[in-house]
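Participant: The following block contains the structure, expressed as structure tokens.
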Amino acid sequence: MAKEQKVKAIVRTYYVIEGNKVKLKNKKCPRCGSIMAHHLKPNERWSCGKCGYTEFIGTSKKR
């Protein structure tokens, strides 16, 4: 018999419960509507893995 595998509920990482409301933690992609990922390196940005849309944050560098 195969060993039982534990499945983590990944959905909990996307939502937070505030009072009686459920709120999405990450942004939604304006192009396709999927949940976007927040990356810190090499540049801080929000990116969509489905359609490739990217928003850069804090692009102004002081030199």
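The values are calculated or read from the model by the stated rules, or taken from the named source; none is laboratory data. These numbers come from a predicted model, not from an experiment. For the accessible areas, the whole protein counts, side chains as well, though only heavy atoms, and no ligand, DNA or RNA atoms are used. Shrake-Rupley method; radii C 1.70, N 1.55, O 1.52, S 1.80 Å.
Participant: Working only within the stretch 18-40, note down all residues that are closer than 16 Å to Gly52 by Cα, open to solvent by 100 Å² or more (accessible area, probe 1.4 Å) and assigned to a loop (DSSP other than H, G, I, E, B).
Facilitator: The one that is closer than 16 Å to Gly52 by Cα, open to solvent by 100 Å² or more (accessible area, probe 1.4 Å) and assigned to a loop (DSSP other than H, G, I, E, B): Arg31.
Participant: Which condition breaks for Lys61 when tested against (1) part of a loop (DSSP other than H, G, I, E, B); (2) at pLDDT 90 or above?
Facilitator: (2)
Participant: Could you list all residues from the stretch 41-50 that are part of a strand (DSSP E or B) and not polar (S, T, N, Q)?
Facilitator: Answer for the stretch 41-50, where residues must be part of a strand (DSSP E or B) and not polar (S, T, N, Q): Arg45, Trp46.
Conditions tested, residue by residue: (1) among the charged types (D, E, K, R); (2) modelled with pLDDT of 85 or more.
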site: Val7; (1), (2): no, no
site: Thr13; (1), (2): no, no
site: Asn20; (1), (2): no, yes
site: Leu24; (1), (2): no, yes
site: Lys28; (1), (2): yes, yes
site: Ile35; (1), (2): no, yes
site: His38; (1), (2): no, yes
site: Glu44; (1), (2): yes, yes
site: Glu55; (1), (2): yes, yes
